[in-house]
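Student: Have a look at this one before I ask anything.
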Amino acid sequence: MSTSGVSIDLTGKVVLITGGTRGIGKAIANRFIEAGATLILTGTKAAEVDKLNQENKMEEVSYLQVDFSDPESSAVFLDKVASVGKIDVLVNNAGVNRVAYNTETTLDDFNFLNDINVKGPYLLCREISKLMKHNGYGRIVNVTSIWSAITRPGRSLYTTTKYAIAGLTKTLAVELAEHNILVNSVGPGFTETELTLATNTTEEIERLSNMVPIKRFAQPVEIANLILFLCSDLNSYMTGQNLIIDGGYTNV
């Protein structure tokens, strides 16, 4: 991928992207493929991951199953990741949400969101940073949300998890900087994914779009472009930041 003589070449880099089979994660994966990276992508459902591996025709891409709400699945996955030996880039993109007023939430809701949105990234950052420290190089991007900077009714659990990841990002950036490992987080605003289109009416999307200064949702590739930059050697100094990419929505 090149523009006006500036290029991003990730040939030889091994990249792990969680939740890389759909939506923003798929767009991130496509950008990294274009940049020449070798990718490990995760999915939650074993049958879906098996099918993806069977249908996959790209040698530089492989799929692994992991469900961070299942301790056994997490342990098996972390063992597989450790055996790779070299992971240059980690993108913690997988996440879940349940919308409800705090008084209507349950402990199961709390545990489910925290297992996937917080424990999963925590475990991966902990284990993969060991590999990165050994190799003297790394880039980590944790995907947060605009709800790591602002909130709205019904988002108490989701906002809690995203603020936690922004905090984890800042601390890891300080701890890992001396090892040539840069750690940032990216908070997407309203983004036009398959899930967004399936769960919102045309009228709802138009109403939300009008609340964004740019007057439209983000395309997944626009989120992916920012993450690609942060994980490339074009970024050699930015670390510990939670970058909100929302078309100006959080400034209104």
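Student: Starting at the first residue of segment 181-194, write each ³J(HN,Hα) from the Karplus equation 6.51 cos²θ - 1.76 cosθ + 1.60 with θ = phi - 60°, in whole Hz, x for Gly and Pro.
Tutor: Couplings: 10, 9, 10, 9, 10, 10, x, x, x, 5, 10, 7, 9, 4 Hz.
Student: Compute the relative contact order of segment 8-246 as a whole-number percentage, counting only Cα pairs closer than 8 Å that sit 6 or more residues apart in sequence.
Tutor: About 21 percent, as a whole number.
Student: Filter the DSSP H helices in the chain by two things, a Kyte-Doolittle mean of at least 0.0 and an axial alpha-carbon span of 24 angstrom or more, and list the hits by number.
Tutor: Qualifying helices: 156-176.
Student: How many percent of Cα pairs in segment 134-252 exceed 17 Å?
Tutor: Value for segment 134-252 (Cα pairs over 17 Å): 60 percent.
Student: Give the order of Val118, Val96 when sorted by the count of other beta carbons within 10 angstrom, beginning with the fewest.
Tutor: Exposure proxy ranking, most exposed first: Val96, Val118.
Student: If you don't mind, another one. What residue among Arg216, Arg152, Arg98 shows peak mean-square fluctuation when the chain is described by a Gaussian network model with Cα springs under 10 Å?
Tutor: Of Arg216, Arg152, Arg98, the Gaussian network model singles out Arg152 as fluctuating most.
Student: Between segment 226-249 and segment 1-67, how many Å separate their Cα centres?
Tutor: 19
Student: Let me ask something else. Counting other beta carbons within 10 Å of each Cβ, put Met132, Met211 in order, fewest first.
Tutor: Placing the least packed residue first, the sequence is Met211, Met132.
Student: By count of other Cβ within 10 Å, fewest leading, how are Ser148, Ser236 ordered?
Tutor: The fewest-first ordering by Cβ neighbours comes to Ser236, Ser148.
Values quoted throughout were computed directly from the atomic coordinates according to the rules given, and no laboratory measurement underlies them. Note that the structure is a prediction, hence the values are computed from the model and not measured. Please note: Cβ atoms are built from the backbone with ideal geometry, for glycine as well, and neighbour counts cover all protein chains shown.
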